Amino acid sequence: MSKTFFIETWGCQMNDLDSQRLSGGLKLRGWSRVDDERQASLILLNTCSIREKAESKVFSRLGQLRELKAERQLQIGVCGCVAQQEGERILNRAPWVDFVMGPGNVGYLDDVLSGGRTIAIDFPEDRRYDYLTVDRPSVTKAQVTIIEGCNKNCTFCIVPTTRGREVSRTFDDVLAEVRAAVDSGRVEIELLGQTVNAYRCPMSGRDFGALLSAVAEIEGVRRLRFMTSHPAEVNESMIAAMRDHSNISRYLHLPVQSGSSKVLRRMKRLYTREKYLETIQRIREAIPEIHFSTDIIVGFPGETEDDFQQSLSLIEEIRYGSLFAFKYSPRPGTPALKIGLPVDEPIATERLTRLFALHERIKRERLESYRGKVLPVLVEGPSKHDPAMLSGRTDDNWVVNFTGHPATPLGSMLGVRIDDALHHTLRGEAVA
Ligand code: 5AD
């Protein structure tokens, strides 16, 4: 069979980008990508283990692939965070898997493809990052990793195990990748890191704010975004960079996890409710139009109704535009396993429902407030639901589907009048 590969990706932006890197690396080696797994001679599952549900999906998927492999010549590789976390246990449980490769080894494809290594789950000193071969799915946007790993030790989180310690790329390396992306027509850059604002150039010591400014000042960068920031790493230099560069998105994802200082302490989040609110206020003073989004965990061990109420009141106070909330999921080897009494499942489920109901109302009010306004929108492509319409995002990261000239170049910035607010998105019409 010819060299054809299929990649399936779960989880966060980092995983998405790792798949783009794997895909680019394979293409460079003469492989071609297929959209149908039955056509593939190599199947890669790029997995996520942030919560138990994500992890169990991998094993049910491997069960299906076993049948496919019985029919013909096929290599199966498990990549990503489940690979890192489970290592050899994957081969024991699913011996039809050919190799297991963690996130630290994305740059070392040859070793596993040749059959030389069946388990590659170390974090090589040199992470090898060949940015010229990233297979970017979007013609308008490029994601660029600036820091890998995480040095925080949040007690619920598996990431320090699966992604290793923090390693920042050099300033020059990042800027070179951004320039190359811009030269290839990408006008939107998204900087990525598990804790993106902990970035420090290993050569010069320059911080995240300095990097943001440098990237924003590159000719041709029409919009700059970044993901994910840790509240305790927000500093004046980051805020000033956002304030001073209008091409930096007016959007900040700032996961709070809980509104209760007691729970935050037990999570080892390194801030209190008051400190977090103060950070939000400092940012709002500098950038009043900013749109905040957050992540919240409900049912962390020992969370009482009163603690949960504090999460609700924090959401009311900050009025997040977008919010991602999850029931606490125990992860192997994390300190939270030993921290307190688990919250009963039905109680956690009920809290999650109440939290979403509250946020739904806030989001609705926010979306409605855009009605009648004309907003600058960066055009990304046809709308997913109606290909006759165009789709793009506002400066503060809301998706807008709109009617406009069908020949509108992708990547251009247009004024769009907002006529309607739907569930998560806005709708409108391009204006001259
Ligand atoms: N259980 C539930 N949610 C979790 N997250 C991380 N670890 C867990 C866990 N063990 C959530 C956090 C994080 C987001 C990416 O996933 O809210 O910000």
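The values are calculated or read from the model by the stated rules, or taken from the named source; none is laboratory data. Remember, predicted model here, so these are calculated numbers, not experimental data. All Cβ positions, even for glycine, are placed from backbone atoms using ideal geometry, and neighbour counts span all protein chains on display. What goes into the accessible areas is simple: the full protein's heavy atoms, side chains included, and nothing from ligands, DNA or RNA. Shrake-Rupley method; radii C 1.70, N 1.55, O 1.52, S 1.80 Å.
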Item to check | Area accessible to solvent at V139, 1.4 Å probe radius, in Å² | outcome: 90 Å²
Next on the checklist: With only alpha-carbon atoms in the gyration tensor, what are the semi-axes of the equivalent ellipsoid for the stretch 113-232, in Å, largest first?
Outcome noted: 25, 20, 13
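What FRET efficiency would be calculated for the residue pair E365, E429, taking the C-beta separation as r and a Förster radius of 25 Å, to the nearest 0.05? Could the numbers behind the result be given before it?
Numbers: r = 23 Å, r/R0 = 0.91.
After rounding, the FRET efficiency stands at 0.65.
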Checklist entry - Semi-axes, largest first, in whole Å: what does sqrt of 5 times each Cα gyration tensor eigenvalue give for the stretch 253-369? => result 25, 17, 11
Item to check | Local electrostatic count, R354, Cβ distance below 11 Å [Lys/Arg +1, Asp/Glu -1] | outcome: -2
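Please find the FRET efficiency linking D35 to K262, where r is the Cβ-Cβ separation and R0 is fixed at 56 Å, and quote it to the nearest 0.05. Present the calculation step by step, with values, prior to reporting the outcome.
Details: r = 49 Å, r/R0 = 0.87.
Efficiency computed from Cβ-Cβ geometry: 0.70.
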Checklist entry - Which far-off residues, 5 or more places away or on another chain, put their amide H under 5 Å from the one on T294, with H placed in the peptide plane? => result L254, S322, L323, F324
Next on the checklist: Which aspartates and glutamates, if any, have their Cα less than 13 Å from the Cα of K275, not counting same-chain residues under 8 positions apart?
Outcome noted: E233
Next on the checklist: Relative contact order for the stretch 136-249: what percent, with Cα pairs under 8 Å and sequence separation of 6 or more?
Outcome noted: 27 percent
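When the solvent-accessible surface of protein heavy atoms is calculated with a 1.4 angstrom probe, in what order do L74, L132 fall, highest first?
Details: L74 10, L132 130 Å².
The residues order as L132, L74, largest area first.
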Next on the checklist: Loop-only GluC sites (Glu not before Pro) in the stretch 117-205, please: DSSP not H, G, I, E or B, and at most 14 other Cβ atoms within 10 Å.
Outcome noted: E125
Next on the checklist: Contact order normalised by length for the chain, with contacts defined as Cα pairs under 8 Å and 6 or more residues apart; what percent is it?
Outcome noted: 10 percent
Item to check | Label point distance in nm, D16-I218, each placed 7 Å from Cα along Cα→Cβ | outcome: 1.8 nm
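Stretched out fully, how many nm does the piece from Y129 to Q73 gain, at 0.36 nm a residue minus the Cα gap? Write down the numbers at each step before the final one.
Details: separation 56, 0.36 × 56 = 20.16 nm, distance 3.05 nm.
In short, 17.1 nm is gained.
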Next on the checklist: At 1.4 Å probe size, what's the solvent-accessible area of K3? Round to the nearest 10 Å².
Outcome noted: 100 Å²
Next on the checklist: On a straight-distance basis, which lysines could pair with K373 in a cross-link, Cα separation under 26 angstrom, same-chain partners fewer than 8 positions away excluded?
Outcome noted: K141, K363, K384
Checklist entry - Can you list the residues, at least 5 places off or on another chain, whose amide H is less than 5 Å from the amide H of F300, using H built in the peptide plane? => result Y328
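Hey, what's the stretch 253-369 come to in accessible area per residue, 1.4 Å probe, Å²? Could the numbers behind the result be given before it?
Values: 5200 Å² over 117 residues.
Heavy-atom accessible area per residue stands at 44 Å².
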Checklist entry - Any idea of F326's accessible area? Nearest 10 Å², probe 1.4 Å. => result 50 Å²
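Could you pull out the trypsin sites (Lys or Arg not before Pro) across the stretch 40-76 that fall in loop regions by DSSP (anything but H, G, I, E, B) with no more than 10 other Cβ atoms inside 10 Å? Write down the numbers at each step before the final one.
Working: sites: R51, K53, K57, R61, R66, K69, R72; in loops: R51, R72.
Hits after loop and neighbour filter: R72.
Let me make sure I get this right: for the stretch 4-120, a, b and c are the square roots of the gyration tensor eigenvalues over alpha carbons, sorted descending. Under 1.5 in a/c it's rounded, otherwise prolate if a/b > b/c, else oblate. Which is it? Spell out each step's value before the answer.
On the way: a/c = 1.30, a/b = 1.09, b/c = 1.20.
Taking the square roots of the gyration eigenvalues as a ≥ b ≥ c, the stretch 4-120 is rounded.
For the stretch 111-162, just say rounded, prolate or oblate: build the C-alpha gyration tensor, square-root its eigenvalues into a ≥ b ≥ c, call rounded for a/c under 1.5, and beyond that prolate if a/b exceeds b/c, oblate if not. Intermediate values should be presented prior to the final figure.
Details: a/c = 2.22, a/b = 1.10, b/c = 2.01.
Oblate is the answer for the stretch 111-162, as a/c is 1.5 or above yet b/c matches or exceeds a/b.
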Item to check | Range of Cα positions in the chain per principal axis (Å), largest first | outcome: 58, 58, 47
Checklist entry - So which cysteines in the chain don't have a second cysteine's C-beta under 4.7 Å from them? => result C12, C48, C79, C81, C150, C201
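Kyte-Doolittle mean at least -1.0 and Cα extent at least 15 Å along the axis: which DSSP H helices of the chain qualify? Before the final figure, lay out each step's value.
Working: long enough: 13-28 (22 Å, -0.70); 52-71 (30 Å, -0.91); 171-183 (18 Å, 0.47); 273-286 (20 Å, -1.34); 305-318 (20 Å, -0.48); 345-368 (34 Å, -0.81).
Helix filter hits for the chain: 13-28, 52-71, 171-183, 305-318, 345-368.
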Checklist outcome for this item: Here Rg/Rh (Cα, Kirkwood) for the stretch 374-431 equals 0.90
Item to check | Centre separation in Å (Cα based) which lies between the stretch 366-421 and the stretch 56-93 | outcome: 40 Å
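With the contact rule set at Cα under 8 Å and sequence spacing of 6 or more, what percent relative contact order holds for the stretch 159-219?
Details: 30 pairs, mean separation 23.4, N = 61.
It rounds to 38 percent for the stretch 159-219.
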Checklist entry - Tell me, what is the FRET efficiency for S138 and T408 to the nearest 0.05, using R0 = 22 angstrom and their Cβ-Cβ distance as r? => result 0.85
Next on the checklist: For L28, L358, give me the order by solvent-accessible area with a 1.4 Å probe, most accessible first, ignoring ligands, DNA and RNA.
Outcome noted: L28, L358
Item to check | lysines with Cα under 23 Å of K69, excluding same-chain neighbours fewer than 8 positions away | outcome: K3, K27, K57
